[in-house]
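Reviewing the structure listed below.
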Amino acid sequence: MPTEASRDEEVRAATTDRAGGAATGAGTASPAPASPLTERQEARRRRILRACARLAGRGGFDAVQMREVAESSQVALGTLYRYFPSKIHLLVATMQDQLETLHGTLRKEPPAGETPAERVAETLMRAFRALQREPHLADAMVRALTFADRGVSPEVDQVSRQTTAIILDAMELADPTPEQLSAVRVIEHTWHSTLITWLSGRASIAQVEIDIETVCRLMDLTAPKGADGV
C-alpha cells in the first residue's frame, strides 16, 4: 500500500504541466516525480477546475467535455490532458477542490455542537447542503468517484484525505485512535452513500440527516474514556 508521502507525490505528478507529459491511462508507466506547481501553473489549474465546475453545474456529468473545458479555461487541449489525463481525473479533482474550499469556510465558522458526534454531523450536513445548492455539479462529481478505476487512485485518495481532515477538525482531534479512524472511514462511506441515494431520488433530505446523525454517534462510542461524549 502506498504511503501518504508517495500518494501526495503521485497527485502532484498527475496535475503538473510537465514538458514530458503525463500518463494517460491505467497500465502506463508512472510519471517521474514533479516539482511543485509554479504560480502560473497553479493559476492555470485553478482556471481549469473552475471551468469544469461551471460546465458540470449547468449540465451535469455529460456536460463536461474536455474540449469545452479547455476552451472555457483558455488552455490548449493537450495542456489540459497533461494536468488531467481524463474527464474522471478532472471531476474527482474538482470535488477535492470543492471540499478544500468548504474546509476553509468551516475553519472560519466551526460547528458549534457540544460532542464530537454533534459537530461531525453538523459539518457533514453543511457539506451536504453546499452540494445540494448545485445538484448537477454534485451528481457529476459523485458519478466520477463511482466510475473511478485504479488509474484515478491518487485523486480519489486526495478526496478521502480531505474528507478525513474535515471530520477530524470537527472532532477537534489531532491524534485519533485506530478505533476513531475506523469510525471516520465508516462515516465517510455513509456520507458518500447518502449522497448517491439522495441524488438518485431514493432518499429525502430528512432521511439523509437522520442517517448522518446516526452514523456520527460512532464518534462518541469510540472516544477514549473521559473524552467528550462519554
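For this structure, a couple of remarks:
- A Cβ distance below 7 Å, combined with a sequence gap of six or more or placement on separate chains, defines the contacts here; from the range 207-224, residues that are in contact (Cβ under 8 Å) with a residue 40 or more places away in the chain and acidic (Asp, Glu) reach residues that are open to solvent by less than 60 Å² (accessible area, probe 1.4 Å) and in a loop (DSSP other than H, G, I, E, B) in the pairs 220/115; 220/229.
- Top-ranked residue of the range 174-204 - restricted to ones that are under 14 Å from residue 121 (Cβ atoms) and not polar (S, T, N, Q), ranked as surrounded by the most Cβ atoms within 10 Å (Cβ to Cβ): 183
- Selection status of residue 118, open to solvent by 20 Å² or more (accessible area, probe 1.4 Å), over 27 Å from residue 190 (Cα atoms) and part of a helix (DSSP H, G or I): no
- Screening residue 181 with (1) in a helix (DSSP H, G or I); (2) touching a residue at least 24 places away in the same chain (Cβ under 8 Å); (3) not polar (S, T, N, Q) gives one miss only, at (2).
- Residues (open to solvent by 20 Å² or more (accessible area, probe 1.4 Å), assigned to a helix (DSSP H, G or I) and not basic (Lys, Arg)) located in the range 121-143: 122, 130, 131, 132, 135, 136, 139
- Only one entry in 143, 82, 58 is in contact with an Asp or Glu (Cβ under 9 Å, 6 or more places away or on another chain), among the charged types (D, E, K, R) and in contact (Cβ under 8 Å) with a residue 24 or more places away in the chain, namely 82.
- Of all residues in the range 151-173, one or more are free of Cβ contacts under 8 Å to residues at least 24 places away in the same chain, among the aliphatic types (A, V, I, L, M) and either crowded, with 16+ Cβ neighbours inside 10 Å or assigned to a helix (DSSP H, G or I) (or both).
- Identity of the residue in the range 209-230, at pLDDT below 75 and among the aliphatic types (A, V, I, L, M), that ends up surrounded by the fewest Cβ atoms within 10 Å (Cβ to Cβ): 230
- Scanning the range 35-45 for residues that are within 24 Å of residue 134 (Cβ to Cβ) and touching a helix residue (DSSP H, G or I) at 6+ places or on another chain (Cβ under 8 Å) yields a count of 2.
- All positions within the range 83-107 that are at pLDDT 95 or above and either farther than 21 Å from residue 192 by Cα or more than 17 Å from the chain's Cα centre (by Cα) (or both): 83, 84, 85, 86
- Within the range 75-86, considering residues that are in contact with a helix residue (DSSP H, G or I) (Cβ under 6 Å, 6 or more places away or on another chain) and in a helix (DSSP H, G or I), the one nearest to residue 156 (Cα to Cα): 83
The values are calculated or read from the model by the stated rules, or taken from the named source; none is laboratory data. No experiment lies behind these values; they were computed from the predicted model shown. Neighbour counts run over all protein chains shown; Cβ positions are idealised from the backbone, glycine included. The accessibility values were calculated without ligands, DNA or RNA, using every heavy atom of the protein model including side chains. Shrake-Rupley method; radii C 1.70, N 1.55, O 1.52, S 1.80 Å.
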